[in-house]
Each structure stands twice: as C-alpha cells, then as structure tokens.
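Okay, so here's the structure we're looking at.
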Amino acid sequence: MSESASGQISVAPEAHGFGARITGLDLSAPLAPDEIAGVKAAWARHSVVCFPGQPLDLDALEAFTLQVGPFGQDPYITPMPGRPNVLELRRLPDEKASNFGAGWHSDWSFLETPPAATLLRAQTIPPVGGDTLFVDASRAWDALSDAMKAVLAPLQAVHSARQSYGTKGVFARDTEARTMKIIVSEEADGSLTHPLVRTHPVTGRKALYISPVYTVGIEGFTPEESKALLGFLFAHLTQEEFVYRHRWTEGDLLMWDNRCTMHFAEGGYDGYLRVMHRTTVQGEVPA
Ligand code: SIN
C-alpha cells in the first residue's frame, strides 16, 4: 500500500499505523531537497522508517546521516577506527555477553541534548532472532486518562547512564568477553532531569519520555513512589498495541525518532553473527 508518492518516493505505513517503509530512493547518492524534505516529513509522521534494499557503504551512511542533520554525540562506546561518528554493533557467534541494546531505552536520554534520530544499517543479519522492537510513546501518552495526564504533565524525570555504563552498572559487572568496546565511567554515575512528558518539536505531539534503562527516578518523589509510578508507565508503554517489531533484512536502513519512541534489541541469535552500523543525528534539549 502506498500512502503517498511524491516523484518516485513511496511511503507505506506499517499495518497497525506505527512505522513505515520508504522506497523509491537511492540513498547512496545525495538526495534532492524535495526528497530529503519528504523523508523528514515521513519520519516525523511515522517515527520509525525503514529504507529496504539500501546496502550503503559507511561513507554513504555518514553522508545520508548528515543530510538529515549534524551528527549527535555517542558516549561510552568506542567508535569505528577513523569514523568517530559510526558505531559498529558486532556480536560474534560464540559471544556469551548480552547483546547491545537489550533493554527498553531511548538513545542517550541522559544527555542534555539527546539525539533526535538514530540510523541503523543491517550489514549481517542472523537467520533467527535479532529483531528490534519499538514503542510508540506518543500513542501511549494519548491512551492515558486525562486525570493521569494531569498528574504526569508537570513532572521531571531523572535520567542517568549509571545502570548501564556507571561504575556499578551492567557493563562494569560484565564477566563475559564482548566485541564492542564499552567505556565504563564515573561520569555515567551522574544524572539530570528532562520533562517526563515531552512535546515533539515538529509535530507538536506529546510523548512519555522515560525508559527502564535510563530513567532512574522522578524528581521530588521518594524511591518507592518513583518505582511504583514508573513501573506502571513502563508496563503501559510496552503493551503490544504500542509496539512495532522490526524483522531485519540485510540492506535495511532504519531511522527512528528518539523523541517519541523507545526501542529494545531482542537478541535470540546465539551461534550467529550480527553486524550493524549506527549513527545519530543531534537533537534539542527536551521540552
Ligand atoms: C540499539 O541501538 O539500541 C541496538 C539496536 C539493535 O541492535 O537492534
């Protein structure tokens, strides 16, 4: 189904209305201004967009990313040699360490200006597992009662990298060898606050801006109160009706909007190689 076709660009929404596939473009060459505008409009509308059949080399991945916007900051992971803005997510067949991204999160939400977009290109896909799941945090917000929305609207959520990259975090406690070079740091033990409900700067839609991996509390709440309210919201967000599951095909390029989604890399491919390349696009201070 084609929702819209401008020139050769076709945008086909996923069946349950979250996510879309964009075809009719060759991303290995610079896009014309109307094409990149069409891509950005589709991305704003659908939040997760897949460009199938785009086996971009790393130069082309970087160039396309820069057409979307300036590179974002990517802390705590050593980037590819000679490519400070590209992360390689590589997991070997015999690797026992947990796969990268195996928890619901919105990328780098513990930064003052978290990335607006993340782009992920599928280089080597295992024959089983390795799906990436996305939550539509705008739709999840819309589904709450007006009474709950009134409680949540003024709150500030506390974000931190500590549970992952901090000195007592998951990666600090990791005993299994890992191909990706993760940087555990005291800096990751710090925290900052962002509005718990964020307004998308392009669409004006509100979204829950929290995640189990990076949201560690709610400002002014006791730890027990935070745990109870966040627990309710995480369960609400991850209901099936708000989730899109991306089953990868080699050559897919996915671009998602961190301002109104969270994602989860499912794993389930022990014994197989999985290699992905990832860039981010700078965002704004959440408001
Ligand atoms: C991530 O960016 O969190 C990982 C996504 C994936 O590998 O599917």
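Read-outs: derived from the displayed coordinates by stated rules, not from any lab. Everything numeric in this text was worked out from a predicted model, so none of it was measured. With ideal geometry, Cβ positions are generated from the backbone for all residues, glycine too; neighbour counts draw on all protein chains shown.
Brief remarks on what is shown
- Filter result (within 16 Å of the chain's Cα centre (by Cα), outside any loop (DSSP other than H, G, I, E, B) and farther than 16 Å from L133 by Cα) within the range 207-241: A207, L208, T215
- The listed residues are V184, V158, and the only one of them that is among the aliphatic types (A, V, I, L, M), in a loop (DSSP other than H, G, I, E, B) and away from the ligand (no atom under 16 Å from the Cβ) turns out to be V184.
- Scanning the range 48-85 for residues that are closer than 14 Å to V281 by Cα and among the polar types (S, T, N, Q) gives T65, Q67, Q73, N85.
- Sole exception among (1) surrounded by fewer than 16 Cβ atoms within 10 Å (Cβ to Cβ); (2) under 16 Å from L237 (Cβ atoms) for E187, by number: (2)
- Residue check, R121 among the basic types (K, R), under 29 Å from E240 (Cβ atoms) and within 16 Å of the ligand (Cβ to nearest atom): yes
- Boolean, R90 is charged (D, E, K, R) and either surrounded by fewer than 17 Cβ atoms within 10 Å (Cβ to Cβ) or closer than 20 Å to R259 by Cα (or both): no
- Condition check for W248: in a strand (DSSP E or B) and within 11 Å of the ligand (Cβ to nearest atom): no
- Within the range 251-267, the set of residues being under 19 Å from V135 (Cα atoms) and within 13 Å of the ligand (Cβ to nearest atom) comprises L253, L254, M255, W256, N258, T261, M262, H263, F264, A265, E266, G267.
- Flag if D270 is of a type in the set (D, E) and within 14 Å of the ligand (Cβ to nearest atom): no
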